[in-house]
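S.K.: Take a look at the following structure, please.
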Amino acid sequence: MFQPRGGRFRVFRFGEAIPLAMLPEGCRATVAALMGGRGLVRRLSEMGFTPGVEVVLLKSGSPGPVLVGVRGSRVALGRGVAMRVLVYPRGG
């Protein structure tokens, strides 16, 4: 996976990274990468989802959006968008 950063491309190895939507409620994780087009990656970055930042999955109903804590704010993401944010789980 390639991700633009500072005008250059960087290769990420995901290892045990999983989609944000697959985390259990209350679980903390570190953002590994954002998958998607330029517009989606930019919008997520502007909301605070950048590689290395810690996030907490606050609420995840089966159908519908997920509520995520990021950089001191709560953000609701659609499930499809949350599937494009890869994270490394850190535990509850």
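The values are calculated or read from the model by the stated rules, or taken from the named source; none is laboratory data. The model shown is predicted, which means the values in this text are computed figures rather than measured ones. Every residue, glycine among them, receives a Cβ derived from its backbone with ideal geometry; neighbour counts consider all protein chains shown.
S.K.: Given the criteria at pLDDT 95 or above and basic (K, R), does R38 qualify?
M.R.: Working: at pLDDT 95 or above: no; basic (K, R): yes.
Spelling it out, it is not the case that R38 is at pLDDT 95 or above and basic (K, R).
S.K.: How many residues does the stretch 46-92 hold that are of a type in the set (S, T, N, Q) and surrounded by fewer than 13 Cβ atoms within 10 Å (Cβ to Cβ)? Steps first, please.
M.R.: Step one: filter the stretch 46-92 for residues of a type in the set (S, T, N, Q), giving 50, 60, 62, 73.
Checking which are surrounded by fewer than 13 Cβ atoms within 10 Å (Cβ to Cβ) leaves us with 62, 73.
Number satisfying all stated conditions: 2.
S.K.: Here is a follow-up. Pairs only if they're at least six apart or on different chains, beta carbon under 6 angstrom, first in the stretch 59-80 and under 21 Å from V41 (Cβ atoms) and without any contact (Cβ under 8 Å) to a residue 60 or more places away in the chain, second among the aliphatic types (A, V, I, L, M) and not in a strand (DSSP E or B); list them, first residue then second.
M.R.: Qualifying pairs under 6 Å: V66/A21; V66/A82; V75/M47; R79/A21.
S.K.: Sticking with this one: Looking only at residues in the stretch 53-77 that are more than 10 Å from the chain's Cα centre (by Cα) and assigned to a loop (DSSP other than H, G, I, E, B), which one is nearest to A29 (Cα to Cα)?
M.R.: Looking at residues that are more than 10 Å from the chain's Cα centre (by Cα) and assigned to a loop (DSSP other than H, G, I, E, B), I get R71.
S.K.: When the residues of the stretch 33-45 are filtered to those that are part of a helix (DSSP H, G or I) and in contact (Cβ under 8 Å) with a residue 24 or more places away in the chain, which remaining residue is surrounded by the most Cβ atoms within 10 Å (Cβ to Cβ)? Step through it out loud before you land on a result.
M.R.: Here is the first cut: in the stretch 33-45, the residues part of a helix (DSSP H, G or I) are 38-45.
Among the residues that remain, those that are also in contact (Cβ under 8 Å) with a residue 24 or more places away in the chain are: 38, 40-41, 44.
Details: R38: 8, L40: 14, V41: 18, L44: 22.
Ranking the qualifying residues of the stretch 33-45, first place goes to L44.
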